[in-house]
Structures are given as C-alpha cells and as structure tokens.
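*Asks:* Structure in structure tokens, see below.
The values are calculated or read from the model by the stated rules, or taken from the named source; none is laboratory data. What you see is a predicted model; the values in this text were computed from it and never measured. Every residue, glycine among them, receives a Cβ derived from its backbone with ideal geometry; neighbour counts consider all protein chains shown. Accessible surface areas use protein heavy atoms only, side chains included; no ligands, DNA or RNA. Shrake-Rupley method; radii C 1.70, N 1.55, O 1.52, S 1.80 Å.
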Amino acid sequence: METFVARQPIFNHKKQIVAFELLFRNGMNNAMPEMDGDLASYQLIANSFMDIGMQTLTEGKKAFINFTENLLLQKIPLMLPSKNTVVEILETVHPTVEIIQACREMADKGYVLALDDFIYTPEWKELVEIAHIIKIDFMNTSPEEIKDFMILETKRKPIFLAEKVETYEQFAMAVSMGFSLFQGYFFCKPEILRGRQIQGQYLNLLQITAESAIPDMDFDRIEALIHRDVGIAYTLLRYINSAFFKRIREITSIRQALVLLGTDEIRRFIAIITLTKLCGNKPEALMKASCIRARFCERLGVATEKPGLSSQLFTLGMFSLLDAILDEPMDKILGQLSLSKDIERALLEKTGPLYPFLNLAEAYEKGSWDQVPKALAAINLSETLVPGLYLEACEWSRNLTAT
C-alpha cells in the first residue's frame, strides 16, 4: 500500500527550518476526515522510518507526527527514536488518566510532546504540564485568546508554536506575541513590494535558466548569456575543473564546459547557481520548496510521457515562487523575461496545459489531500506513482542544496 506523505517546515524566529511536520494519507480514497487515523499512522511509521528513510523526509531534523488516542494508549511512539520524534497529541484526544499516564511515560523517556490546535479547558491542565510545545492555530484563534493561553501558569514553561501563519505580517505579529516556532506558508509570499527594478545580474540568471529549460537547448545562446556574467563563468569553470570531474586537462572555455556537462548537468548546475544567488537573503525553505517543485513537476511530466513537457515543467516549478524570492509581483517579473506562453499562462492566469502539474505540486506539498484527486485526473496520472515521485524530488532537493 502506498503512503502519501507531505511535509511542512517548522521555523524558528530567524526563519530557519528546525523540524518538519509529516502530513499523510494511506491513499486518495481515504483523504476525507472519516479515514482510519490509526491505520494511516501505522502506515506512515512503517514507510517513513523503515522504507523511505527519515533522512529523506526531514533531512536529519525532528519529525512532528500526529498520534490518535488509540496509538497513544498503545504507546506506539515508543517504537520511534526519541531524538527524531515530536509526538503530536491531537485536539480530538480525551485527556483521560490512561492518556496522561502514557504521555508522562513518553516524556520521561525523552520524547518531546506537542499539543495540537490547543484550546485550553481545565481537563487539559495535566497534559499542559507535561507538554514541551503548544501549537496554536494563529488564523482561527483571536489575539485575546492567544494571550490568555500564553500566560497560563505551569511548572515548566512550554514553547509556543504558531501554526497556519500565511503572511509575513502574521509572522511578525506572532514573533511580537512571544511565539518561538512557526508553521505555515508565509515564506512563499512576497515580503514587501518595494517597487524596485530587478537587478540586471538576476535577470541574466533567470534568462539562462529559461533557456536551459528549452528541450532543444541552444548552446550558443546559453554560452552568450553566461559570458555576460563573470561570476557565473568563473563558477562554471571552477566547477568543471573540480576534483569531482577528475579531468586530465584543464577546461578553459565556456563552450568546452557546456559540452562536457551535457544538457541535464547544465540544468542542474544553473539551478544551483540561480537559486543560491536569488535566495541569499531568504529562508532556506524557499529555496528547498523551489527545488522540490521544479523536480516534482519535471518528474510528473516524464510520467505522463509527453515529449518536451518535462523541461518546461522544471522551469515552471522553479519559477513558481519568484514573486516571493524577489519580492515583486509575478507579472512584473515575467514582463522582463522571455518565457514560453504556456509557462506565463500557468503562473499568471492559472490556466493552460502546464498549470495542472503545478496545481498538483502545490496541493501535495501542503497536504491538501482533497484537492489531489482532481489534480491527478487533470493530467491523467495514476495516484500510485505520485508518492515515489514526490519523495524522489525531496531527495534530489536535499542533495542539490547540500552541494
């Protein structure tokens, strides 16, 4: 049985990723709330910790995992390594004596406990005392309620996590209120529209990336664009002459380097350079999300067996967060680039033959499981292929950004 696992980054106040929450379903037919949560959790544990490998999903950081009441009573979290696991206690759990005893045993054995979608009532008092992290739905909880929750008197001061933080304004407000951890897609939105011109070096980088995505790559055109930027040219020659390639003779020209790399390696190299330069002052998660979307969209295109589609889809996924990376409106950015009409339609109008792939990628990364079946139908792709493609994209991104 396939397990659909998405992940959401969890940040500290410096916008650094410190953990991931794993969101899962055991199939799209079970994507509704009435699914068997126990079965899905068992499947997640089996696949994530045994088959897939947590290094791929969480990159060595902690994994927040939801546990139902039954699984807590059975002490299933004790099967997992305490140093990598945050036990999320769902708001649907009844804080009975048995639950409190099981949670206290986990805490005593070094497990971090988190209360999900927290709303305080007296019956939760003992679990509040045990919990290390309290998650509050920032979108659906009033500021007054949040303040009341955060001044609760406890023996051990918990860490407060603001979830569903969707804008930078909400992030700034949560920081000012005393939250230490943050979850949501605020990092995918432009921070401030400054009304400035995009720097020429960035435009050149973006144009090189667009050119590299064309199925019949024009080496003359890419060579000319690289020659415009001394930094890129130097990095390329240093890269091709590195010990990794073990060349007997030194490569001294851009054309030689391009020919030796080949089309796939050129796209990878350009992706590294572009995202590294563009995301220099941005959260690490933004670069990772761009990489994952690019690779995931590309692999979805390959799976549909439509010639020439995958290279455009790579660019579409990578460019889908340009407004957040450059803090500019997408229409202004694209107005200064020469991209295919299909990519422009997907990014600006959310229409055209490429958009369903981006729509699927966005729904999957957020764990919006109710939207995934429709997105799959739009590209005529079997759901059984998707989990493997997504995980491969996560692994590719991890290796890419570690380069």
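*Asks:* If a/c stays under 1.5 just call it rounded; otherwise compare a/b with b/c (prolate if a/b is bigger, oblate if not). Do that for the stretch 245-403, with a ≥ b ≥ c from the square roots of the Cα gyration tensor eigenvalues.
*Replies:* prolate
*Asks:* Okay, moving on. I need the P(r) histogram for the stretch 111-165: all alpha carbon pairs, bin width 5 Å from 0 out to the longest distance, whole percents.
*Replies:* So the P(r) values, bin by bin, are 4, 20, 35, 26, 12, 2, 0.
*Asks:* Additional query: Give me, ordered by chain and number, the residues 5 or more places off ALA19 or on other chains with an amide H under 5 Å from its own placed amide H.
*Replies:* ILE10
*Asks:* In debye to the nearest 20, how big a dipole does the stretch 263-403 give about its Cα centre with +1 on each Lys and Arg Cβ and -1 on each Asp and Glu Cβ?
*Replies:* 120
*Asks:* Just how large is the dipole of the stretch 257-303 about the Cα centre, in debye to the nearest 20, putting +1 at every Lys and Arg Cβ and -1 at every Asp and Glu Cβ?
*Replies:* 160
*Asks:* Looking at the chain only, what percent of DSSP beta bridges run antiparallel? Nearest 5 please.
*Replies:* Around 30 percent of the beta bridges assigned by DSSP in the chain are antiparallel ones.
*Asks:* Helix hunt in the chain: which complete DSSP H runs extend at least 27 Å axially by C-alpha with mean Kyte-Doolittle at least 0.0?
*Replies:* 284-303
*Asks:* Using a probe of 1.4 angstrom, how much of the accessible area of the stretch 66-151 is carbon and sulfur, in percent?
*Replies:* Within the stretch 66-151, the accessible surface is 54 percent carbon and sulfur.
*Asks:* If you place +1 on the Cβ of every Lys and Arg, -1 on the Cβ of every Asp and Glu, and leave all else neutral, what size is the dipole of the stretch 87-239 about its Cα centre, to the nearest 20 Debye?
*Replies:* 640
*Asks:* What percent do you get for the relative contact order of the chain when only Cα pairs under 8 Å and 6+ apart count?
*Replies:* 15
*Asks:* Provide the net charge surrounding PHE20, with neighbours chosen by a C-beta distance below 10 Å and charges set as Lys +1, Arg +1, Asp -1, Glu -1.
*Replies:* In short, +1.
*Asks:* Also, I was wondering about something else. Of all the stretches in the chain, which is the longest one without any exposed loop site, taking trypsin sites (Lys or Arg not before Pro) in a DSSP loop (any state but H, G, I, E, B) with at most 11 other Cβ atoms within 10 Å?
*Replies:* Here the longest segment lacking exposed loop sites spans 250-349.
*Asks:* Given a 1.4 angstrom probe, what's the average accessible area per residue across the stretch 258-332, in square angstrom?
*Replies:* 32
*Asks:* With a ≥ b ≥ c the root eigenvalues of the C-alpha gyration tensor of the stretch 285-334, is it rounded (a/c under 1.5), prolate (a/b larger than b/c) or oblate?
*Replies:* Oblate.
*Asks:* Right, something else. Determine the alpha carbon to alpha carbon distance for each of LYS135/LYS155; LYS83/LYS157; LYS15/LYS157; LYS83/LYS155 and list only those over 26 Å.
*Replies:* none
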